[in-house]
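Have a look at the structure below, then the notes.
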Amino acid sequence: MKKLKAAIVGMGNIAPMHIKSLEAIGVEVAAVCDIKLVPPAFADYKEMLDAGGFDVLHVCLPHHLHAEVSIAALERGVHVLCEKPMATTVSDAEAMLAAAKKSGAKLSVVFQNRHNPGAQLIKSVLQSGELGAVKSGWLRVTWCRDESYYATSTWRGKWATEGGGVLINQSIHAFDMANYFLGNPTAVDANIANRAHPSIEVEDVAEGIIYYGDIVISFFVNTYHPYDAPAGIELICENGSAKLIGEDATVTYANGQEKTAGADMEAQRQFGMKSYWGVSHVKHIKAFYETLETEQNCSGLQTQKLINGIYDSAKSRSKILFA
């Protein structure tokens, strides 16, 4: 791997995963930026970009800042690895891609769960055709976020800064997984509501149907469950089914045979991290650095379109078709 240097903007909850991942793959963190840090860290991301000395910027900021900061870096020819979601609007996400295309710098959004062994098993089985055509399926994320979760943050729970609630934050990985397995959605018909969090503006529950051509995927997500239940997705196919609950995947064939995959214990031992976040982050970040010279941009645009399409459907009380 060509020796590259990284910088991180936003030193909140997710930044340690990036630092540990960069350490694991031998990439130096040359600079960090956060408004709450003291020198020698930067307090202004523009000053850090002007100072330079790094090749890749890791964007670990609140959602509404993803586009602004990513575009500023891309325009300077700095590669960008952005935490999910890509942005809060489709237009911002498209502007990020346009900046990357114009400068030639690479842009990737961290949807690390695609690297989990269970996700990889289901993806390979679907591609092989062993299960036949996907007919239907479901997606479910039921987690717990109490009022204190929002009280400790100035940006969560607001349309202007978080961009939404349970859809764009807690359950976005599950929707990205549906896209990873099935491709680009063609339509969505959905509802959202806030039933248990009076202090916030955004939704804490959403339900509806996503269409992938003739495939119908029903979904239900909320943040008022008593605990964080493992996220789940199941696909019903012509010759069996594929189910992913948390990290555990089970492919069941019509003849009763099964294939399974779970947490990557070997990688956990190798990197000294838990699987769901840490190991998967290492894998995503490692792949990004290894392919900077050869790969095209790997964005989260389709998942951004899906999430915003669900919001549009719910707010307009109508079925939304994707171009």
Handout entry: Total charge dipole magnitude, the chain, about the Cα centre, Cβ charges on Lys, Arg, Asp, Glu only, Debye to nearest 20
Key = 220
Exercise for the section: Using a 1.4 angstrom probe, figure out how much accessible area the chain has per residue, in square angstrom, rounded to the nearest whole. Expected result: 45
Problem - Ratio Rg/Rh [Cα only; Rh per Kirkwood] for the stretch 1-131 - result: 1.03
Practice task
Per DSSP H run of at least 4 residues, take -39500 (n - 2.57); add these up for the chain, divide by its residues and hand me the 222 nm value, nearest 500 deg cm²/dmol.
Solution key: -9500 deg cm²/dmol
Practice task
Summarise the accessible area of the chain (1.4 Å probe, protein heavy atoms) by the percent that is carbon and sulfur.
Solution key: 51
Handout entry: Gained length - residue 13 relative to residue 124, 0.36 nm times residue gap less alpha-carbon distance
Key = 36.7 nm
Fill in the blank from the handout: Per the 1/(1 + (r/R0)^6) rule, R0 = 35 Å and r from the Cβ atoms of residue 91 and residue 193, FRET efficiency to 0.05 is 0.85
Handout entry: Under the Karplus curve 6.51 cos²θ - 1.76 cosθ + 1.60, θ = phi - 60°, whole-Hz ³J(HN,Hα) for the stretch 24-30, x wherever Gly or Pro sits
Key = 5, 9, x, 9, 6, 8, 8
Exercise for the section: Pairs of Cα atoms under 8 Å, at least six residues apart: use those to get the relative contact order of the chain, whole percent. Expected result: 21
Exercise for the section: Report the calculated FRET efficiency for residue 37 and residue 160 (r = Cβ-Cβ distance, R0 = 25 Å), to the nearest 0.05. Expected result: 0.50
Practice task
Can you give me the three principal axis dimensions of the stretch 51-120 from its C-alpha atoms, in Å, biggest first?
Solution key: 40, 28, 22
Handout entry: Gained length - residue 152 relative to residue 28, 0.36 nm times residue gap less alpha-carbon distance
Key = 41.5 nm
Problem - √(5λ) per eigenvalue of the Cα gyration tensor, the stretch 122-244, largest first, Å - result: 31, 14, 12
Problem - Those lysines that a straight Cα-Cα span of less than 24 Å connects to residue 243, excepting residues fewer than 8 apart in one chain - result: 84, 123, 135, 259, 274, 283
Practice task
Give me the distance in nm between label points sitting 7 Å out from Cα along the Cα-to-Cβ direction at residue 201 and residue 269, one decimal.
Solution key: 5.0
Exercise for the section: Could you list the chymotrypsin sites (Phe, Trp or Tyr not before Pro) in the stretch 193-255 that lie in coil according to DSSP, counting only those with at most 15 other Cβ atoms within 10 Å of their Cβ? Expected result: 227
Problem - Inter-probe distance in nm under a simple model that places probes 7 Å from Cα toward Cβ, at residue 136 and residue 101 - result: 3.8
Problem - Net length gained if the chain between residue 293 and residue 318 were fully extended (0.36 nm per residue, minus Cα distance) - result: 4.7 nm
Practice task
State the answer as a single residue: which of 151, 215, 233 lies farthest towards the positive end of the charge dipole of the stretch 140-278, with beta carbon charges of +1 for Lys and Arg and -1 for Asp and Glu, about the Cα centre.
Solution key: 151
Problem - Stokes-Einstein D (µm²/s) once Rh is taken as the Kirkwood radius of the chain over alpha-carbon pairs, at 37 °C in 0.692 mPa s - result: 161
Handout entry: Rg followed by Dmax, in Å, when the stretch 60-185 is reduced to its Cα trace
Key = 16.9, 48
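The values are calculated or read from the model by the stated rules, or taken from the named source; none is laboratory data. Bear in mind the structure is a predicted one, so any value in this text is a computation, not a measurement. Positions of Cβ are backbone-derived with ideal geometry, glycine not excepted, and every protein chain shown enters the neighbour counts. For accessibility, only protein heavy atoms count, side chains too; no ligands or nucleic acids. Shrake-Rupley method; radii C 1.70, N 1.55, O 1.52, S 1.80 Å.
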